[in-house]
Amino acid sequence: MQEYEPLDLSPFYNTDWSIVGGQGFPFGDKAYHGLPFRFGAEGEKCILGFGSGLNLEKCEIPVGRAVRHVIFAHRLLESRIAQGGPAGQSCASYLFKMEGGDSVSVPIRERLEIGALPCGWGEFAILAYPDAKDELEARYRGRWDGMGRRQTEVIQGWPTSFYLWVWTNLRPERVLQSITVAAEGPRFLLAAITLGHLEEFPFNQHARLDVKLRLRDETDQKPPFNLSVQVDRGNATYPYPLPEQTPAQFLADAFSGWGQEQNPVSSPAHLEIAANPSATVTVKRGEEILGQARWGEVLEKGAVESERLRIELVDRGRNWVHTTVVDAETGKPVPCRVHFRSVEGIPYQPHGHHNYVNSNLDSWNLDVGGDLRLGQITYAYIDGTCQGWLPRGEVLVDIARGFEYEPIRTKLEIKPGQRELSFELRRWRNMNRERYFSGDTHVHFLSTQGAHTEAAAEDLNVVNLLQSQWGHLFTDTEEFTGHPSVSAGGRHIVYTSQENRQHTLGHLILLGLKHPVMPWCSDGPGEAELGGNLETTVARWADACHAQGGTVVLPHMPNPNCEPAALIATGRLDAVEMCDHWSSSVLEYYRYLNCGYRLPLAGGTDKMCSAVPVGLYRTYVHIPEDEPFDYDSWCRNLRRGNTFISSGPLLSLRVEGNSMGATVTLPAGGGTVEVEALAQSTLPFHCLEIVVNGTVVARVEEAEPVRRLELREKLKIDRHSWIAARSAGAGFTRLSHHDSWRRGILAHTSPVYLEVGEKWQMFDPDIASYLLTMVHGGLEYVRRHARHWKPGTVTHHHGRDDHGAYLEEPFLQALEAIEKRMREH
């Protein structure tokens, strides 16, 4: 006997589908929720219509066999609720006549067993099921207007043609002789009846369970990841790759707290399934079926294998657990980020957070709720407490808080009934006590509160949240207030300022603005509007920032590399930023230093997605004891130059006892200086170098990653120079983070300047010539390549009559300044 058996209702059809407009009827044999139904044929009477004007008030339908369940596909044609009546009024009765003369009568009530269609939100029939089941959104495509909804991943099942209602036979051993359907008021339709012969309830009532997939054929495993899973009598989530590392390898990995390499292939993989035992699980790669299994067999055996596929149940039950992470020094909950997983690698993140950020797709400009993805791992930002499901048995935990706390990566056991879990984070170095305060100069798309949450969890003192423009999109406009947002206790500061951008001339970070500097971007995509004009230059943005007492930083040095030469030559830059260890960044920075321009170094992430943590590249700024830590003092001391940037190692540099930004005076003819450099880190690194005028003069390197390196050197200095320390070579680091940029683990100090016999000055004619070339190029771009409106047709934001002269002036100033220096040297 079939598991589910459709009845033939064709002898009783009395009307056709045109009664509801003729659209959307499921003619013939169809499956709803994996259950078979038999509907009438197109072009004929195909349905039973009951009530006024439909010439059918009662109908007895023979069955003649034992059944466990009867599933009806029915709907109301008119609603008493819509006319002001209450829910729950009887619309019909279904009489189930059993062998032996017994019968059971069931009232069919509006908003309970049946409902009218179409229906509004929240108006589903409570005790029936929509004919469409819950489904997943398309994983890799979708409509523009659904991009926000796409993050939900799911589409709720909505009744399209019928409601499906189940009658359960409490005496399944007895034959059901017939079903009598009788109208009791409003008109309604009955389209199909299916008999259920299994013990299971026809619609899935089982919650989701964790499942592991393993593909046996290497060809099936190859990237890109392209698995999908379908379940006819239930549901399956998207599958995701599981980590390749074993639990032991994960625990021993040197990147504790900082992610894990992403498994790019399709095996092993994880998903969740909620289904009836009779359901069929189908696993596909692209459009090709790799294998199928009956879900009940997986539940019974724990795993089912076929030639190409293994489907394994790895759900050992779960507990709702309250977790607390405290600071070892204070004993109080401490903001941090946490990751929980089963030994198979299945994430169990705190409630309110995501196991997979935006389905492991790109999250550019998407708020995904205080989550971070570093390769394979998703972290949740918490205030020191969280709660949610954790799997019973062995659990792997990964917890981190910035660079100054020792991360926790450990394995523990969650026992049945356990409801509490606690951890202790220990600070190994306190840079604030050493008067160094960390900040990220370059953050996009967060809210102010989101920036506070993530800054606290990353132990970051300052977040510079930047409003900007991307074509026709303006971001963080609502976050701008013109003053800092300071956390309780004053340890964390968020200040919304700007990154102003032009695709050829360059970008500029404007910190500490009291009023926006407009226009934010200029001269067309990808920064400004399509067809936009060149309304201003980067130098003018710098001037406007300085006029407000702000600080000007050149982001992601050197690119876009055109106008920075003019900015530096005219003294318009307060610092330059590195957000990666590109060789071009380092070499360009050294060029300007070697040509005699003092430039403090800043570090920023350029965070635009959840695959980059706030402060992954950060600036440590020294604030003297006699100055308070606040936003103004942080910016002021950034300009003074006692700074270093870091993506892990904490650096110190002393030249004759003087730190970064200082000037050491030597007598005419020079002398010997003692240089001390120290790098310490919770993240692994390989080398420490001392650089003089762009040349490495001392280096210590270990073949295996280390967490501490030190250098002490006596150096002969016979001319004006600068000295810096760094923990990775120019454009080279053997170890990379798991962020989306795969940035290197490094640190670099701002210079100590050494003047010999007179005031510090350095000059290189070749570099000066290079600067002239870049300034001339910018001038020619302004004159000949940029877009402009016809003179006299526009009143520009600056109010001057000669727009061309306004644009050219900073470049002419730069040419004059460079040529003057060339004449002097």
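Laid out as a table, the results:
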| item | result |
| --- | --- |
| Distant-in-sequence amide H partners of W722 (H built 1.01 Å from N, under 5 Å) | N693, L754 |
| Per-pair calculated FRET efficiency, R0 = 25 Å: Q449 and E153 via Cβ, rounded to 0.05 | 0.50 |
| Region 205-356 - percent relative contact order, Cα under 8 Å, separation 6 or more | 27 percent |
| Set K30/K58; K607/K820; K514/K790; K97/K301 screened for pairs whose C-alpha atoms are more than 28 Å apart | K607/K820; K514/K790; K97/K301 |
| With DNA, RNA and ligands ignored, accessible area of T481 (1.4 Å probe; Å², nearest 10) | 80 Å² |
| FRET efficiency for E424 and E478, using Cβ-Cβ distance with R0 set to 60 Å, rounded to 0.05 | 0.95 |
| At R0 = 41 Å, FRET efficiency that the Cβ-Cβ distance of T773 and T330 yields, to 0.05 | 0.15 |
| Distance (nanometres) between label positions extended 7 Å along Cα→Cβ at D29 and D134 | 3.0 nm |
| Computed lengthening from A252 to R174, 0.36 nm per intervening residue step minus Cα-Cα distance | 21.8 nm |
| Whole-angstrom gap from region 532-592 to region 487-515, using each part's C-alpha centre | 14 Å |
| Taking the chain and dividing mean pair separation by its residue count, relative contact order in percent (alpha carbons under 8 Å, at least six apart) | 8 percent |
| Residues whose placed amide H lies under 5 Å from that of W158, excluding near-sequence neighbours | A132 |
| Radius of gyration and Dmax over the Cα atoms of the chain, both given in Å | 34.7, 120 |
| Coil-residue chymotrypsin sites (Phe, Trp or Tyr not before Pro) of region 84-185, DSSP, other Cβ within 10 Å capped at 13 | W121, Y140 |
| Charge tally in the Cβ shell below 11 Å around E701, where Lys, Arg are +1 and Asp, Glu are -1, E701 excluded | -1 |
| In order through region 783-797: 3J(HN,Hα) via Karplus (6.51 cos²θ - 1.76 cosθ + 1.60), integer Hz, x for Gly, Pro | 7, 10, 10, 6, 7, 9, 7, 5, x, x, 9, 9, 9, 7, 4 |
| Qualifying GluC sites (Glu not before Pro) for region 256-340 [loop in DSSP, other Cβ within 10 Å: at most 13] | E287, E307, E329 |
| Cut-off 19 Å, label 7 Å out along Cα→Cβ of E44, residues of region 165-196 by amide N | 190-194 |
| Region 130-146 - phi-based ³J(HN,Hα) in whole Hz, Karplus 6.51/-1.76/1.60, Gly and Pro as x | x, 5, 9, 8, 4, 9, 8, 5, 4, 6, 10, 8, x, 6, 4, 6, x |
| Inter-part distance where region 73-146 and region 777-825 are each reduced to a Cα centre, Å | 71 Å |
| Per-peptide average of other Cβ atoms within 10 Å, ordering 245-255, 630-640 highest first | 630-640, 245-255 |
| Estimated inter-spin distance, D626 and L735, nm [label 7 Å along Cα→Cβ] | 4.0 nm |
| Set of lysines with alpha-carbon distance to K222 below 26 Å, sequence-local pairs under 8 removed | K212, K284 |
| Ranking by accessible area, most exposed first, for V706, V621 with a 1.4 Å probe | V706, V621 |
| Neighbour net charge for V265 - beta-carbon separation under 10 angstrom, K R +1, D E -1 | -2 |
| Net lengthening on full extension, E99/A82 (0.36 nm per residue, minus Cα-Cα) | 2.1 nm |
| Rounded to the nearest 10 Å², the accessible area of K301 at probe 1.4 Å | 130 Å² |
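The values are calculated or read from the model by the stated rules, or taken from the named source; none is laboratory data. Bear in mind the structure is a predicted one, so any value in this text is a computation, not a measurement. Note that each Cβ is placed from the backbone with ideal geometry, even for glycine, and that neighbours are counted across all protein chains shown. All accessible areas refer to the heavy atoms of the entire protein, side chains included, with ligands and DNA or RNA removed. Shrake-Rupley method; radii C 1.70, N 1.55, O 1.52, S 1.80 Å.
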